[in-house]
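K.L.:
What follows is a single structure, and I will ask about it in a moment.
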Amino acid sequence: EKFYDQFISFKNGSKMKEEQNVVEEPSSNCIGDSKYAQVLKNSKNLILRGAPGTGKTYLAKQIAEELTGGNEEQIGFVQFHPSYDYTDFVEGLRPSSGDDGQIGFKLQDGIFKKFCKKAKENPNKKFVFIIDEINRGEISKIFGELFFSIDPDYRGKDGKVTTQYANLRETDKEFYIPENVYII
(Lines give C-alpha, C1' and ligand atoms only; values in the text may rest on other atoms or scores of the structure.)
Protein backbone atom coordinates (compact mmCIF):
# COMPACT_ATOMS: atom_id res chain seq x y z
CA GLU A 1 0.00 0.00 0.00
CA LYS A 2 2.85 2.38 0.89
CA PHE A 3 4.59 1.64 -2.44
CA TYR A 4 1.35 2.28 -4.33
CA ASP A 5 0.79 5.60 -2.52
CA GLN A 6 4.37 6.68 -3.29
CA PHE A 7 3.96 5.59 -6.90
CA ILE A 8 0.73 7.53 -7.36
CA SER A 9 2.35 10.51 -5.67
CA PHE A 10 5.31 10.30 -8.07
CA LYS A 11 3.08 9.77 -11.11
CA ASN A 12 0.98 12.81 -10.26
CA GLY A 13 4.07 14.94 -9.64
CA SER A 14 3.33 15.36 -5.95
CA LYS A 15 5.24 14.62 -2.78
CA MET A 16 3.65 12.83 0.16
CA LYS A 17 4.19 14.11 3.69
CA GLU A 18 3.80 10.94 5.71
CA GLU A 19 3.59 12.58 9.11
CA GLN A 20 0.66 14.77 8.05
CA ASN A 21 -0.80 12.60 5.27
CA VAL A 22 -0.95 15.72 3.13
CA VAL A 23 -0.27 15.78 -0.59
CA GLU A 24 1.29 19.00 -1.79
CA GLU A 25 2.63 20.22 -5.10
CA PRO A 26 6.38 19.95 -5.60
CA SER A 27 8.42 23.14 -5.25
CA SER A 28 9.56 22.91 -8.88
CA ASN A 29 8.78 20.93 -11.99
CA CYS A 30 12.42 20.54 -13.04
CA ILE A 31 13.65 17.29 -14.50
CA GLY A 32 15.38 15.20 -11.85
CA ASP A 33 13.36 16.67 -8.98
CA SER A 34 11.47 13.56 -7.81
CA LYS A 35 12.43 11.73 -4.64
CA TYR A 36 13.32 8.58 -6.58
CA ALA A 37 15.52 10.43 -9.06
CA GLN A 38 17.36 12.10 -6.18
CA VAL A 39 17.99 8.74 -4.50
CA LEU A 40 19.27 7.32 -7.77
CA LYS A 41 21.55 10.31 -8.37
CA ASN A 42 23.07 9.95 -4.90
CA SER A 43 23.47 6.18 -4.75
CA LYS A 44 23.89 5.29 -8.47
CA ASN A 45 21.67 2.24 -7.84
CA LEU A 46 18.00 1.86 -6.96
CA ILE A 47 16.03 -1.29 -6.21
CA LEU A 48 12.26 -1.17 -6.50
CA ARG A 49 10.45 -4.00 -4.75
CA GLY A 50 6.84 -4.89 -4.33
CA ALA A 51 4.09 -7.25 -5.31
CA PRO A 52 3.63 -8.19 -8.98
CA GLY A 53 1.55 -5.73 -10.95
CA THR A 54 2.17 -2.71 -8.73
CA GLY A 55 3.92 -0.69 -11.42
CA LYS A 56 7.61 -1.15 -10.55
CA THR A 57 8.70 -1.41 -14.19
CA TYR A 58 6.54 1.56 -15.16
CA LEU A 59 8.01 3.60 -12.31
CA ALA A 60 11.57 2.59 -13.29
CA LYS A 61 10.94 3.81 -16.84
CA GLN A 62 9.49 7.08 -15.52
CA ILE A 63 12.55 7.67 -13.32
CA ALA A 64 14.87 6.88 -16.25
CA GLU A 65 13.02 9.32 -18.50
CA GLU A 66 13.21 11.97 -15.81
CA LEU A 67 16.98 11.56 -15.37
CA THR A 68 17.73 11.46 -19.11
CA GLY A 69 15.29 14.14 -20.20
CA GLY A 70 13.32 11.50 -22.10
CA ASN A 71 16.21 10.57 -24.41
CA GLU A 72 15.67 6.88 -25.20
CA GLU A 73 19.26 6.56 -26.47
CA GLN A 74 20.41 7.01 -22.85
CA ILE A 75 18.13 4.30 -21.43
CA GLY A 76 18.88 0.57 -21.51
CA PHE A 77 16.53 -2.23 -20.54
CA VAL A 78 16.90 -5.96 -19.91
CA GLN A 79 14.68 -8.57 -18.31
CA PHE A 80 16.47 -11.32 -16.38
CA HIS A 81 15.35 -14.94 -16.53
CA PRO A 82 16.83 -18.22 -15.24
CA SER A 83 18.94 -18.95 -18.34
CA TYR A 84 20.38 -15.42 -18.61
CA ASP A 85 24.13 -15.33 -17.91
CA TYR A 86 27.43 -13.44 -18.12
CA THR A 87 27.76 -13.99 -21.88
CA ASP A 88 24.44 -12.20 -22.43
CA PHE A 89 25.11 -9.38 -19.99
CA VAL A 90 28.85 -8.58 -20.09
CA GLU A 91 30.65 -10.52 -22.84
CA GLY A 92 31.08 -13.99 -24.20
CA LEU A 93 31.66 -16.29 -27.11
CA ARG A 94 28.71 -16.33 -29.50
CA PRO A 95 28.15 -18.38 -32.63
CA SER A 96 28.93 -16.57 -35.87
CA SER A 97 29.32 -17.50 -39.49
CA GLY A 98 32.47 -16.60 -41.38
CA ASP A 99 32.79 -15.39 -44.95
CA ASP A 100 33.35 -18.97 -46.06
CA GLY A 101 30.06 -20.12 -44.51
CA GLN A 102 31.74 -21.92 -41.63
CA ILE A 103 30.19 -21.63 -38.19
CA GLY A 104 32.55 -20.54 -35.45
CA PHE A 105 32.61 -18.54 -32.26
CA LYS A 106 33.33 -14.86 -31.87
CA LEU A 107 33.84 -12.80 -28.72
CA GLN A 108 30.99 -10.29 -28.48
CA ASP A 109 30.01 -7.66 -25.95
CA GLY A 110 26.84 -8.22 -23.97
CA ILE A 111 24.00 -5.73 -23.60
CA PHE A 112 25.36 -4.02 -20.46
CA LYS A 113 28.91 -3.69 -21.76
CA LYS A 114 27.62 -2.13 -25.01
CA PHE A 115 25.51 0.27 -22.94
CA CYS A 116 28.52 1.28 -20.82
CA LYS A 117 30.64 1.89 -23.94
CA LYS A 118 27.95 4.24 -25.24
CA ALA A 119 27.99 6.10 -21.91
CA LYS A 120 31.83 6.49 -22.07
CA GLU A 121 31.52 8.45 -25.43
CA ASN A 122 29.02 10.86 -23.73
CA PRO A 123 30.41 11.54 -20.20
CA ASN A 124 28.32 14.69 -19.68
CA LYS A 125 25.00 12.83 -20.02
CA LYS A 126 23.24 10.51 -17.57
CA PHE A 127 22.57 6.95 -18.71
CA VAL A 128 20.07 4.70 -16.92
CA PHE A 129 20.07 0.92 -17.23
CA ILE A 130 16.91 -0.85 -16.05
CA ILE A 131 17.09 -4.48 -14.97
CA ASP A 132 13.60 -5.94 -14.82
CA GLU A 133 12.85 -9.14 -12.89
CA ILE A 134 16.32 -9.15 -11.27
CA ASN A 135 15.13 -11.77 -8.80
CA ARG A 136 14.62 -14.29 -11.62
CA GLY A 137 18.29 -14.32 -12.63
CA GLU A 138 21.25 -15.87 -10.86
CA ILE A 139 23.09 -12.66 -9.95
CA SER A 140 26.59 -14.11 -9.47
CA LYS A 141 26.34 -15.98 -12.78
CA ILE A 142 25.22 -12.84 -14.63
CA PHE A 143 27.46 -10.15 -13.14
CA GLY A 144 30.56 -12.23 -12.42
CA GLU A 145 33.48 -10.04 -11.31
CA LEU A 146 31.50 -6.96 -12.34
CA PHE A 147 29.34 -7.22 -9.21
CA PHE A 148 32.07 -5.41 -7.27
CA SER A 149 32.02 -2.51 -9.77
CA ILE A 150 28.34 -1.75 -9.18
CA ASP A 151 29.19 -0.17 -5.84
CA PRO A 152 29.13 3.65 -6.24
CA ASP A 153 32.59 3.94 -4.65
CA TYR A 154 34.06 1.77 -7.42
CA ARG A 155 32.45 3.44 -10.41
CA GLY A 156 34.76 4.80 -13.06
CA LYS A 157 38.35 3.76 -13.68
CA ASP A 158 38.93 3.07 -9.96
CA GLY A 159 36.61 0.08 -10.24
CA LYS A 160 38.04 -1.47 -13.38
CA VAL A 161 38.09 -5.25 -13.52
CA THR A 162 39.63 -7.81 -15.83
CA THR A 163 36.79 -9.62 -17.55
CA GLN A 164 36.51 -13.40 -17.86
CA TYR A 165 37.33 -13.29 -21.56
CA ALA A 166 40.16 -10.72 -21.35
CA ASN A 167 42.70 -13.27 -22.58
CA LEU A 168 40.89 -13.33 -25.95
CA ARG A 169 41.23 -9.57 -26.42
CA GLU A 170 44.23 -7.67 -27.73
CA THR A 171 42.93 -4.37 -26.34
CA ASP A 172 40.25 -3.33 -23.84
CA LYS A 173 41.19 -6.10 -21.40
CA GLU A 174 39.74 -4.15 -18.48
CA PHE A 175 36.20 -2.94 -18.05
CA TYR A 176 34.52 -0.49 -15.69
CA ILE A 177 31.10 1.04 -15.18
CA PRO A 178 31.26 4.76 -15.99
CA GLU A 179 30.27 7.22 -13.29
CA ASN A 180 27.40 8.51 -15.46
CA VAL A 181 25.65 5.11 -15.52
CA TYR A 182 22.77 4.58 -13.09
CA ILE A 183 21.14 1.19 -12.47
CA ILE A 184 17.52 0.56 -11.50
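The values are calculated or read from the model by the stated rules, or taken from the named source; none is laboratory data. Here the structure is a predicted model, which means the values were calculated and not measured. So basically every Cβ, Gly included, is an ideal-geometry build from the backbone, and we count neighbours across all protein chains shown. These area figures cover heavy atoms from the full protein model, side chains too; ligands, DNA and RNA do not enter into them. Shrake-Rupley method; radii C 1.70, N 1.55, O 1.52, S 1.80 Å.
K.L.:
Output yes when any residue across the stretch 32-48 is at pLDDT below 90, out of contact with any Asp or Glu (no Cβ under 8 Å at 6 or more places or on another chain) and surrounded by 15 or more Cβ atoms within 10 Å (Cβ to Cβ), and no when none is.
P.N.:
Among the residues of the stretch 32-48, not one is at pLDDT below 90, out of contact with any Asp or Glu (no Cβ under 8 Å at 6 or more places or on another chain) and surrounded by 15 or more Cβ atoms within 10 Å (Cβ to Cβ), which makes the answer no.
K.L.:
Filter the stretch 68-122 down to the residues that are outside any loop (DSSP other than H, G, I, E, B) and of a type in the set (Gly, Ala, Ser), then identify the one that is most open to solvent (accessible area, probe 1.4 Å).
P.N.:
Ser97
K.L.:
Out of the residues in the stretch 136-152 meeting the condition of being free of Cβ contacts under 8 Å to residues at least 24 places away in the same chain and assigned to a helix (DSSP H, G or I), tell me which one is surrounded by the most Cβ atoms within 10 Å (Cβ to Cβ).
P.N.:
The residue in question is Glu145.
K.L.:
So, of the residues in the stretch 42-61 that are touching a helix residue (DSSP H, G or I) at 6+ places or on another chain (Cβ under 7 Å) and in a helix (DSSP H, G or I), which turns out to be farthest from Ile8 (Cα to Cα)?
P.N.:
Per the stated criteria, the residue is Ser43.
K.L.:
Turning to a different aspect of this structure: Could you list, in sequence order, all residues of the stretch 153-184 that are in a helix (DSSP H, G or I) and either without any contact (Cβ under 8 Å) to a residue 24 or more places away in the chain or under 13 Å from the mean Cα position of the chain (by Cα) (or both)?
P.N.:
Asp153, Tyr154, Gly156, Lys157, Asp158, Gly159, Ala166, Asn167
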